[in-house]
1. So LEU84 passes all but one of these: (1) within 20 Å of THR328 (Cβ to Cβ); (2) open to solvent by 30 Å² or more (accessible area, probe 1.4 Å). Which condition number does it fail?
2. May I ask you to list the residues in the stretch 31-55 that are within 28 Å of SER297 (Cβ to Cβ), open to solvent by 20 Å² or more (accessible area, probe 1.4 Å) and in a helix (DSSP H, G or I)?
3. Identify the residue in the stretch 139-163 that is open to solvent by 70 Å² or more (accessible area, probe 1.4 Å) and assigned to a helix (DSSP H, G or I) and, among all such residues, is farthest from GLY82 (Cα to Cα).
4. Would you mention how many residues in the stretch 198-227 are assigned to a loop (DSSP other than H, G, I, E, B) and either free of Cβ contacts under 8 Å to residues at least 24 places away in the same chain or touching a Ser or Thr at 6+ places or on another chain (Cβ under 9 Å) (or both)?
5. In the stretch 175-186, is there at least one residue being more than 30 Å from ALA59 (Cβ to Cβ), out of contact with any Ser or Thr (no Cβ under 6 Å at 6 or more places or on another chain) and surrounded by fewer than 18 Cβ atoms within 10 Å (Cβ to Cβ)?
6. Restricting the stretch 253-284 to residues that are among the small types (Gly, Ala, Ser) and open to solvent by 20 Å² or more (accessible area, probe 1.4 Å), which is farthest from TRP229 (Cα to Cα)?
7. Could you say whether any residue in the stretch 298-308 is under 20 Å from the mean Cα position of the chain (by Cα) and under 23 Å from ARG183 (Cα atoms)?
Amino acid sequence: MTTTATQGPAQDRPRGRPGPGPGARAPREYGSAGDPGSALAVLPGVLRSALAWTEAHRADFTLPDDVLEPHTQVNATLKPLGELAQLGSTIRRTTSPGTPEHELAGGLVAYAWEQVAAGELLLELLRAEPYAAYPYEIYAAFAGYGLRHEGFEALARPLTATRAWAHTEQHANRQLGLVNSERRVGVVTHTDAGAVLSRTWLGGLSEPWMFEGPSGYALTHTVFHLTDWGRMPDRVPGKIDGYLRTWLPAWADGCLESGQWDLTGELLAVAASLPGPAPQPLLDAVWPVLADVQHCSGCVPETGPPVRDTTAPDPYPFIDCYHSTLVTAFAAALSLRSLRSPGQTDGAGPGRERRTA
């Protein structure tokens, strides 16, 4: 199988320039604050609808019979399944036991685990490509949820201790994702997360008007990896927390203005992953807009004008809406937790880390 640049279970998805440049102004309808409680009014329906669509399209995540063959396109097969596992497991942890959302998310993760043959398929991938990080990152999405495969971990243990693993050349936010995967599996991390964070676009507190598509997705994934997908908000340093609280509203406005719905959802998930009080004015302003973009079937397009035809059961090709729909559900679950129970986490502790100079 060919090596891929996949960002683990959810890869960076550059899409042009959604953010405000120097002197840019957001449209009036997006720049004004929403009514208090606007987010809570729409979030339960958004979450239920997005999960229902995902459940109805479960078969579209099915892996092909030739998934182990070299010609298989990883980004069209394993990546969507890994994202289903990652975001589905976070939604299940974040929602209340006994609710339909909790049960639906759990069923989706169970289906993804079944598709990788309870880890056996990931072991075969690791054997075929011991130099590739993506089998490990996808496995970590399951391991963080408590689904483990002894044989995979027995092979991965010596591989992740190699010099090659520690010196793989990759962008800083990708390396942070690998560190988080190691934490989830429970091994000593190959480098210090703080040192890696300082080399990211976000960690450098980059000029906010330099925000655009690739940096936007790098930023969101930096926060996801740092907080273990919103589970540990207290890992966000104070300076980064303040920087994000200041600039997320402007960036979200830019994404709404340019119809970047997928990145909008990721920014909302970031906002709900911050420590302390939820940024309620931002959530109240943006969530009603994204809820209006969501099709009545539950799906959300990645970009562009939303389809308003309520009779269309599948208004977008699966590949053009599955990720943004999953992200919307993920962000909605985190936002509900943030607004209802500020500061709540699932109580998971950090993994062991190797401290480097």
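1. Here LEU84 clears every test but (2).
2. Keep residues of the stretch 31-55 that are within 28 Å of SER297 (Cβ to Cβ), which gives 34-35, 37-55.
This time we only want the ones that are open to solvent by 20 Å² or more (accessible area, probe 1.4 Å), so: 34-35, 37-38, 40-42, 44-45, 48-49, 52, 55.
SER38, LEU40, ALA41, VAL42, PRO44, GLY45, ARG48, SER49, ALA52, GLU55, listed by residue number.
3. Here is the first cut: in the stretch 139-163, the residues open to solvent by 70 Å² or more (accessible area, probe 1.4 Å) are 148, 150, 157-158, 161, 163.
If we keep only those that are assigned to a helix (DSSP H, G or I) too, we end up with 150, 157-158, 163.
On the way: GLU150: 19, ARG157: 21, PRO158: 23, ARG163: 26 Å.
Per the stated criteria, the residue is ARG163.
4. So the first thing to find is which residues in the stretch 198-227 are assigned to a loop (DSSP other than H, G, I, E, B), and the list is 198-207, 211-212, 227.
Imposing the further condition that a residue be either free of Cβ contacts under 8 Å to residues at least 24 places away in the same chain or touching a Ser or Thr at 6+ places or on another chain (Cβ under 9 Å) (or both) reduces the set to 198, 200-204, 206-207, 227.
Going through the stretch 198-227 one residue at a time, the tally reaches 9.
5. yes
6. Filtering the stretch 253-284 for residues among the small types (Gly, Ala, Ser) gives 254, 258-259, 265, 269, 271-273, 276, 278.
Pick out the ones that are also open to solvent by 20 Å² or more (accessible area, probe 1.4 Å) and you get 258, 276, 278.
Values: SER258: 26, GLY276: 16, ALA278: 16 Å.
Checked the stretch 253-284; the qualifying residue farthest from TRP229 (Cα to Cα) is SER258.
7. Of the stretch 298-308, the ones under 20 Å from the mean Cα position of the chain (by Cα) are 298-303.
If we keep only those that are under 23 Å from ARG183 (Cα atoms) as well, we get none.
No, every residue in the stretch 298-308 fails to be under 20 Å from the mean Cα position of the chain (by Cα) and under 23 Å from ARG183 (Cα atoms).
Per-residue answers, yes or no, for (1) under 20 Å from HIS221 (Cα atoms); (2) among the hydrophobic types (A, V, I, L, M, F, W, C); (3) touching a residue at least 24 places away in the same chain (Cβ under 8 Å); (4) not in a loop (DSSP other than H, G, I, E, B):
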position	(1), (2), (3), (4)
GLY254	yes, no, yes, yes
THR264	yes, no, yes, yes
VAL270	yes, yes, yes, yes
PRO275	yes, no, yes, no
ALA285	no, yes, yes, yes
SER297	no, no, yes, no
VAL307	no, yes, no, no
THR325	yes, no, yes, yes
ALA331	yes, yes, yes, yes
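The values are calculated or read from the model by the stated rules, or taken from the named source; none is laboratory data. This one's a predicted model, so the numbers in the text were calculated from it and none came from an experiment. Cβ sites come from the backbone with ideal geometry, for glycine too, and all protein chains shown count toward neighbours. Heavy atoms of the whole protein, side chains included, go into the accessibility calculation; ligands, DNA and RNA do not. Shrake-Rupley method; radii C 1.70, N 1.55, O 1.52, S 1.80 Å.
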